[in-house]
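The values are calculated or read from the model by the stated rules, or taken from the named source; none is laboratory data. Because the structure is a prediction, the values reported are computed rather than measured. Cβ coordinates were reconstructed from backbone atoms using ideal geometry, including for glycine residues, and neighbour counts include every protein chain displayed.
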Amino acid sequence: MNGKYFIIPFLAGMAYLFLILIVRGIRWISGLSKIDKLRLFQSLKSGRTLKSLKEAFVEGLLHRKIFLKNPVLGYMHMSLAFGWFLLIVMGHVEAMVAEGSLSVPFYMPIFFRYFKTTEDFPLARFFSFMMDLLLLFVLSGVGLAMLKRFKKSLFGMKRTTRLKLFDRIALTSLWLIFPLRLLAESIAAAISHNGSFLTSGIGKILSSSQHIELLNTPAWLAYSLVLGFFFIALPNSRYMHIPAEILFIFLRNSGIRLKKQNTTYTDVQVFSCSRCGICLDNCQLSTAGIRDTQSVYLLKNIRNKDLDDEHLFNCLLCGKCQIDCPVGIETIDLRITQRIESTRQYNSSYEYLEINSSPSAKVVYFAGCMTHLTPGIITAMQKIFETAGENYWFFDQEKAPCCGRPLMLAGQYEAASKLIENNSRQILASGAQTLVVSCPICYKVFKEDYHLFNMEVLMHFEYIRRLIDREILQVARSPQRLLYHDPCELGRGMGMYKEPREVLAMTGTLVSIRNEKEKAYCCGGSLGNLKIKQEERDMIRNQAVNDYLEHSPDMLVTSCPMCKKTFARNTRIPVLDISEIITRNMLSPGIPGLTESKECILEEEYI
Amino acid sequence: MMNKPRHIAVIGGGIAGMETASRLAQAGYKITLIEKERITGGHLTQWSHLFPDSSDPAIVVSRLSSALSHQNIKVITSTEITDISKNGQYFNLKSGSEMSLNADAIVVTSGFHLFDASRKEEYGYGLFDNVLTSADLELMMKNEKPIRTASGKKPRRIAIIHCVGSRDAKAGNTYCSKVCCITGIKQAIELNKRLPECEIFCFYMDLRLYGSSFDGLYLTAQQKHKVQFIRGRLSEAAEKPDKSLQIKAEDTLSGRPLRMDVDMIILLVGMEPGISHNNFSRNGSVQLDENGFLKCKDVHAARNLTTQTGIFMAGTCICPMSVSETLENARSAALEVINYFERKM
């Protein structure tokens, strides 16, 4: 076995890679908060390890989620990852059988055909057939990957990510590994007259050349070199996602989440991004020509430590990328956390906040800033409360404190906490059992960041639903075709898709479209984007409106004052809040409210 | 002069169309003036006073109307032009399938339409009883109705809100409607004359008083009529149980948020391109500018020429203008049409 030295590049690359992985693994796990470490430890003891292993297999190797999105793209990822994995496993089994031993040097299967030239072991023909088949499987993936670089539309992708130096080295090496392996194995097959359908076939063609033996070692050296290059480039390239994603799956399944500050969990997520670019395709910012702030770029910027405010704050926080991410990265919380970290020193003290006395009530109504900008919704809510004869307190009728969510979205966590504390105290002092809000932006923060003890927080349509179920409110059905627009904060943000639709279905016919629920558009009005221009917002809104108009609804209905306001600026389609639809279809109320017409009240007095 | 008098169609019977038509008729051209409403006179028939001299717009309209009774002018009312096409030498104008006529040239004087204040829902127009537009107030004064709240009370405090639908990217209009600032001052003075006890506040971003006598009027409003000016855009209005209104704004001169209760709000609505512009621009013969008004062939040298030879324009279909500017502009359009035919001969 002279000339065995060709395996040195491979060994060196492997050693370097493992060293880096071990160092990073230790750093990442030790950088978790105490409680998160405990979580991880607990989950390793429990059955969740099995779940994580299964997930690592299904997502990391088979790429199930990518498959579901696009079968060709899924096949490409699977053939590379799962194919290579099988090559390694099958190669080891083959080497073990050939050597008749359970312990073979780990490099042996990688360069098996170099070391083993005879087929004098059991199932030799089967193994060589399988190895050829698997190599073909991987090569088909490499071929698709090359095709994708040059013609991405075949993969249902409009765009793909830009590469930097280490990515290029890693990518080139990865592309070369398997063709070079094929070449080396074919030369070996030509010399030893073995190999299966693939390698022996190519071997026969190659054997026509004179000094084929002279090419053997150089070919294996080239193969070893690209492997070495790939391993060395891997930790500094996007392929770091392969090991990082496995750790990420284990951490996530143990219940670890981002908690408004960066820990090494941020790093694990950042490194888990494969930069597949799937998040680019549905990002509506692209509609407005904004092409460098999407999640994949955010993650890259965090990793390269060159994130600036222009990019950090130019995002609608609509959550589409989080739904689409095949790795399951918390793109929204990651971005908000970066915002919190970058604006820590600017938080307002809100020293001037005052605590006013709260009247006692059964229900507290909080309209929020956005509902105050759409007084039609307030009028409708007041009418509903009056009709129901509800003992309610309109908390922010005159003085309007903010719920805190816009500050949260801007990363002003501490300032938001001050508002939250102040509001909580006043709301709780009313002794009410129920808090009703008419804005999903408020709803999300009340549900997630307020501590209101036993008090329930309801979106207005949940409250309305309750009144209808108890026959306190009666609504008539109209033949109107209603198209419901899912607000980001309520839909992807809180997972509420069914409830508003059920209420709407009581008053009209719902029009169902492809881009709804999880796939719903952002209206473009988002409070989460602090950098976008008005014209860009308009483009995003018009994209949604154009689609909606194709279904020719009589009315666009939403449950978010911000969305309503945004759509109302485009005059091509009438838009109403769900509460306004209800008051329009309300049947003669039992108790005439303040907002009833004067004639009605006069008539009652007359009688 | 000419053997056969040329025929010109003037689209829009507001003051721009009336002035253009009468000037061209005097010069010997045959004119057909087409107005979509029942009567000519346009928005001016709804106004009560003209700035800066507080004169009656009816005087302007009646002078223009009598000039229309010229033998060369034919007036068609209640007719809206829906299509224009070029047919060799002629332009063909259609109103649905009812009317069709040919003309050697066209003057578009289709004017503006008022910003729909309900699009700024936060101001509560159409929702709250005591929120009016400047046009509503103008009509109220024209009909000599006393200024009262919806429940018939004398208002004690009125807020006049500038720039509603103008210079507002969120409302879709980034341009200035030019005449609202001075209209606001004029209306504040008129309100003070009728309601001397009432406090009047104008909420403005900045006052664009471009006319030579406008600043004088601004001083008069403050000194003689006690109108108070607050620099700050209104953020929102809310109706209270007694139907009075709470408004929120930022006083940007003192840098403080401001909350105020008022009995009535007047929204100074801006000018938007007339809806009928779409009819002219649909087939691409006449182009629109970035704000949706008709585009000039040359903003300096050919203000009355559209991008289509033979189609001229005058008045507020070009951009927001005051009454006097509109009339000047109409005369200039008439001159351009005359030059066009004289060059052709």
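Only residues that are touching a residue at least 24 places away in the same chain (Cβ under 8 Å) and either within 14 Å of chain B (Cβ to nearest Cβ) or of a type in the set (S, T, N, Q) (or both): list them for the range A:394-410, please.
Going through the range A:394-410, the residues touching a residue at least 24 places away in the same chain (Cβ under 8 Å) turn out to be A:394-397, A:399-406, A:408-410.
If the condition is that a residue be touching a residue at least 24 places away in the same chain (Cβ under 8 Å) and either within 14 Å of chain B (Cβ to nearest Cβ) or of a type in the set (S, T, N, Q) (or both), then A:F394, A:F395, A:D396, A:Q397, A:K399, A:A400, A:P401, A:C402 are the ones that fit.
From the residues in the range A:530-540 that are assigned to a loop (DSSP other than H, G, I, E, B) and within 14 Å of chain B (Cβ to nearest Cβ), which one is surrounded by the fewest Cβ atoms within 10 Å (Cβ to Cβ)? Talk me through it step by step, then tell me what you get.
First pass over the range A:530-540, keeping only residues assigned to a loop (DSSP other than H, G, I, E, B): A:530-533.
Those left that are additionally within 14 Å of chain B (Cβ to nearest Cβ): A:532-533.
Details: A:I532: 22, A:K533: 13.
This residue is A:K533.
Looking at the range B:291-308, is at least one residue within 14 Å of another protein chain (Cβ to nearest Cβ) and within 25 Å of B:K170 (Cβ to Cβ)? If you could, list the steps in order and put the result at the bottom.
Initial filter on the range B:291-308 (within 14 Å of another protein chain (Cβ to nearest Cβ)): B:291-292.
With the extra rule that they be within 25 Å of B:K170 (Cβ to Cβ), the set shrinks to B:291-292.
Yes, because at least one residue in the range B:291-308 is within 14 Å of another protein chain (Cβ to nearest Cβ) and within 25 Å of B:K170 (Cβ to Cβ).
In the range B:250-267, how many are in contact (Cβ under 8 Å) with a residue 40 or more places away in the chain and either of a type outside the set (V, I, T) or more than 14 Å from chain A (Cβ to nearest Cβ) (or both)?
From the range B:250-267, those in contact (Cβ under 8 Å) with a residue 40 or more places away in the chain are B:260-267; that's our starting set.
Okay, now just the ones that are also either of a type outside the set (V, I, T) or more than 14 Å from chain A (Cβ to nearest Cβ) (or both), so B:260-264, B:266-267.
Residues in the range B:250-267 being in contact (Cβ under 8 Å) with a residue 40 or more places away in the chain and either of a type outside the set (V, I, T) or more than 14 Å from chain A (Cβ to nearest Cβ) (or both): 7 in total.
For (1) within 19 Å of B:R119 (Cα to Cα); (2) in contact with a Phe, Trp or Tyr (Cβ under 7 Å, 6 or more places away or on another chain); (3) acidic (D, E), each residue gets a yes or a no:
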{"residue": "B:G152", "(1), (2), (3)": "no, no, no"}
{"residue": "B:R156", "(1), (2), (3)": "no, no, no"}
{"residue": "B:D168", "(1), (2), (3)": "yes, no, yes"}
{"residue": "B:Y175", "(1), (2), (3)": "yes, no, no"}
{"residue": "B:L195", "(1), (2), (3)": "no, no, no"}
{"residue": "B:S213", "(1), (2), (3)": "no, no, no"}
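Does at least one position in the range B:284-294 carry a residue that is surrounded by 22 or more Cβ atoms within 10 Å (Cβ to Cβ), part of a strand (DSSP E or B) and outside the structural domain of B:K153 (by TED's automatic domain parsing)?
Of all residues in the range B:284-294, those surrounded by 22 or more Cβ atoms within 10 Å (Cβ to Cβ) come to B:294.
Among the residues that remain, those that are also part of a strand (DSSP E or B) are: B:294.
From what's left, outside the structural domain of B:K153 (by TED's automatic domain parsing): B:294.
Checking the range B:284-294: at least one residue is surrounded by 22 or more Cβ atoms within 10 Å (Cβ to Cβ), part of a strand (DSSP E or B) and outside the structural domain of B:K153 (by TED's automatic domain parsing).
I'd like the full set of residues that are in contact (Cβ under 8 Å) with a residue 12 or more places away in the chain and of a type in the set (G, A, S), limited to the range A:31-47.
Keep residues of the range A:31-47 that are in contact (Cβ under 8 Å) with a residue 12 or more places away in the chain, which gives A:31-33, A:36, A:39-40, A:42-44.
A:G31, A:S33, A:S43, listed by residue number.
In the range A:357-367, is there at least one residue being assigned by TED's automatic domain parsing to the domain that holds A:F446, under 28 Å from the mean Cα position of the chain (by Cα), surrounded by 18 or more Cβ atoms within 10 Å (Cβ to Cβ) and closer than 22 Å to A:Y463 by Cα?
No; the residues of the range A:357-367 include none that is assigned by TED's automatic domain parsing to the domain that holds A:F446, under 28 Å from the mean Cα position of the chain (by Cα), surrounded by 18 or more Cβ atoms within 10 Å (Cβ to Cβ) and closer than 22 Å to A:Y463 by Cα.
Hey, any hits in the range A:286-296 for a residue that's closer than 21 Å to A:K444 by Cα and acidic (D, E)? Steps first, please.
Taking the range A:286-296 first, the residues closer than 21 Å to A:K444 by Cα are none.
There is no residue in the range A:286-296 that is closer than 21 Å to A:K444 by Cα and acidic (D, E).
When the range A:411-439 is examined, which residues are found to be of a type in the set (A, V, I, L, M, F, W, C) and either touching a Phe, Trp or Tyr at 6+ places or on another chain (Cβ under 9 Å) or within 14 Å of another protein chain (Cβ to nearest Cβ) (or both)?
Restricting attention to the range A:411-439, the residues satisfying the condition of being of a type in the set (A, V, I, L, M, F, W, C) are A:415-416, A:419-420, A:427-429, A:432, A:435-437, A:439.
The answer is A:A415, A:L419, A:I420, A:I427, A:L428, A:A432, A:L435, A:V436, A:V437, A:C439.
Can we say A:G493 is within 14 Å of chain B (Cβ to nearest Cβ) and either within 30 Å of A:N314 (Cβ to Cβ) or not hydroxyl-bearing (S, T, Y) (or both)? Explain how you work it out, then say what you get.
On the way: within 14 Å of chain B (Cβ to nearest Cβ): no; either within 30 Å of A:N314 (Cβ to Cβ) or not hydroxyl-bearing (S, T, Y) (or both): yes.
The answer is no for A:G493.
Taking the range A:552-562 as the search range and keeping residues that are away from chain B (no Cβ under 13 Å) and of a type outside the set (G, A, S), which one is surrounded by the fewest Cβ atoms within 10 Å (Cβ to Cβ)? Reasoning before the result, please.
Step one: list which residues in the range A:552-562 are away from chain B (no Cβ under 13 Å), which gives A:552-560.
Checking which are of a type outside the set (G, A, S) leaves us with A:553-558, A:560.
Numbers: A:P553: 21, A:D554: 16, A:M555: 20, A:L556: 26, A:V557: 29, A:T558: 24, A:C560: 32.
Going through the qualifying residues, I end up with A:D554.
Restricting the search to the range A:249-273, which residues are buried (at least 23 other Cβ atoms within 10 Å of the Cβ) and part of a loop (DSSP other than H, G, I, E, B)?
A:C273, the sole residue that qualifies.
With the condition kept exactly as written, say whether any residue in the range B:30-37 is assigned to a loop (DSSP other than H, G, I, E, B) and either among the acidic types (D, E) or without any contact (Cβ under 8 Å) to a residue 12 or more places away in the chain (or both).
So the first thing to find is which residues in the range B:30-37 are assigned to a loop (DSSP other than H, G, I, E, B), and the list is B:35-37.
Adding the requirement that they be either among the acidic types (D, E) or without any contact (Cβ under 8 Å) to a residue 12 or more places away in the chain (or both) leaves B:35, B:37.
Yes, the conditions are met somewhere in the range B:30-37.
Has the range A:515-529 got any residue that is on the phi > 0 side of the Ramachandran plot, assigned to a loop (DSSP other than H, G, I, E, B) and either without any contact (Cβ under 8 Å) to a residue 40 or more places away in the chain or within 14 Å of another protein chain (Cβ to nearest Cβ) (or both)? So that I can check it myself, show each step before the final result.
Pass one, the range A:515-529, residues on the phi > 0 side of the Ramachandran plot: A:517, A:524.
Pick out the ones that are also assigned to a loop (DSSP other than H, G, I, E, B) and you get A:524.
If we keep only those that are either without any contact (Cβ under 8 Å) to a residue 40 or more places away in the chain or within 14 Å of another protein chain (Cβ to nearest Cβ) (or both) too, we end up with A:524.
Yes; the residues of the range A:515-529 include at least one that is on the phi > 0 side of the Ramachandran plot, assigned to a loop (DSSP other than H, G, I, E, B) and either without any contact (Cβ under 8 Å) to a residue 40 or more places away in the chain or within 14 Å of another protein chain (Cβ to nearest Cβ) (or both).
Which one is surrounded by the most Cβ atoms within 10 Å (Cβ to Cβ) among residues in the range A:90-111 that are free of Cβ contacts under 8 Å to residues at least 24 places away in the same chain, over 20 Å from A:A15 (Cα atoms) and not acidic (D, E)?
Residues of the range A:90-111 that are free of Cβ contacts under 8 Å to residues at least 24 places away in the same chain, as a first pass: A:92, A:95-96, A:99-106, A:108-109.
Then keep just the ones that are over 20 Å from A:A15 (Cα atoms); that gives A:95-96, A:99-102.
So of that shortlist, the ones also not acidic (D, E) come out as A:95-96, A:100-102.
Values: A:A95: 23, A:M96: 16, A:G100: 9, A:S101: 9, A:L102: 7.
Going through the qualifying residues, I end up with A:A95.
Condition first: more than 10 Å from chain A (Cβ to nearest Cβ) and closer than 14 Å to A:A400 by Cβ. Now tell me which residues in the range B:224-249 satisfy that.
Listed by number, the residues that qualify are B:I247, B:A249.
Return the only residue of B:S62, B:S48, B:S66, B:S110 being outside any helix (DSSP H, G or I), small (G, A, S) and farther than 28 Å from B:K295 by Cβ.
On the way: B:S62 fails: outside any helix (DSSP H, G or I); B:S66 fails: outside any helix (DSSP H, G or I); B:S110 fails: farther than 28 Å from B:K295 by Cβ.
Every option except B:S48 fails the conditions.
Residues are listed down the side, and each one gets a yes or a no for (1) in a loop (DSSP other than H, G, I, E, B); (2) within 14 Å of another protein chain (Cβ to nearest Cβ):
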| position | (1), (2) |
| --- | --- |
| A:L307 | yes, no |
| A:L316 | yes, no |
| A:I323 | no, no |
| A:E341 | no, no |
| A:S360 | yes, no |
| A:Y365 | no, yes |
| A:M381 | no, yes |
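Could you please give the count of residues in the range A:415-462 that are over 31 Å from the mean Cα position of the chain (by Cα) and of a type in the set (G, A, S)?
5
Say we look at the range B:192-232 and pick out the residues that are of a type in the set (D, E) and free of Cβ contacts under 8 Å to residues at least 40 places away in the same chain; which of these is farthest from B:G270 (Cα to Cα)?
Kept after step one, since they are of a type in the set (D, E), are these residues of the range B:192-232: B:197, B:199, B:206, B:215.
Pick out the ones that are also free of Cβ contacts under 8 Å to residues at least 40 places away in the same chain and you get B:206, B:215.
Details: B:D206: 15, B:D215: 20 Å.
For the range B:192-232, the residue satisfying everything is B:D215.
Give me the strands (runs of 3 or more DSSP E) completely within the range A:426-488, filtered to those with at least 2 residues that are under 12 Å from A:C403 (Cβ atoms), at pLDDT 95 or above and not assigned by TED's automatic domain parsing to the domain that holds A:F567, ordered by residue number.
Values: elements: A:434-437, A:456-459, A:481-485.
Per the criteria, A:434-437.
Provide a single number: the residues in the range A:112-151 that are within 35 Å of the chain's Cα centre (by Cα), part of a loop (DSSP other than H, G, I, E, B) and under 26 Å from A:F6 (Cα atoms).
0
With the requirement that a residue be surrounded by fewer than 20 Cβ atoms within 10 Å (Cβ to Cβ) and under 23 Å from B:S212 (Cβ atoms), what does the range B:53-62 give you?
The answer is B:D53, B:S54, B:S55, B:D56, B:I59.
Inside the range B:73-107, can you point out the residues that are among the aromatic types (F, W, Y) and either within 24 Å of B:G292 (Cβ to Cβ) or not in a strand (DSSP E or B) (or both)? Spell out the reasoning first.
Kept after step one, since they are among the aromatic types (F, W, Y), are these residues of the range B:73-107: B:90-91.
B:F91 - this is the single residue of the range B:73-107 that is among the aromatic types (F, W, Y) and either within 24 Å of B:G292 (Cβ to Cβ) or not in a strand (DSSP E or B) (or both).
Would you call B:K94 basic (K, R), in contact (Cβ under 8 Å) with a residue 60 or more places away in the chain and surrounded by 14 or more Cβ atoms within 10 Å (Cβ to Cβ)? Break it down into steps so the answer makes sense when it comes.
Working: basic (K, R): yes; in contact (Cβ under 8 Å) with a residue 60 or more places away in the chain: no; surrounded by 14 or more Cβ atoms within 10 Å (Cβ to Cβ): yes.
Judged against the criteria, B:K94 is not a match.
Within the set of pairs 6+ apart or on separate chains, which have a first residue in the range B:98-120 that is within 14 Å of another protein chain (Cβ to nearest Cβ) and free of Cβ contacts under 8 Å to residues at least 24 places away in the same chain, a second that is surrounded by fewer than 24 Cβ atoms within 10 Å (Cβ to Cβ) and not charged (D, E, K, R), and C-beta atoms under 6 Å apart?
Here the result reads B:S118/B:Y125; B:S118/B:G126, each pair linking the range B:98-120 to a residue that is surrounded by fewer than 24 Cβ atoms within 10 Å (Cβ to Cβ) and not charged (D, E, K, R).
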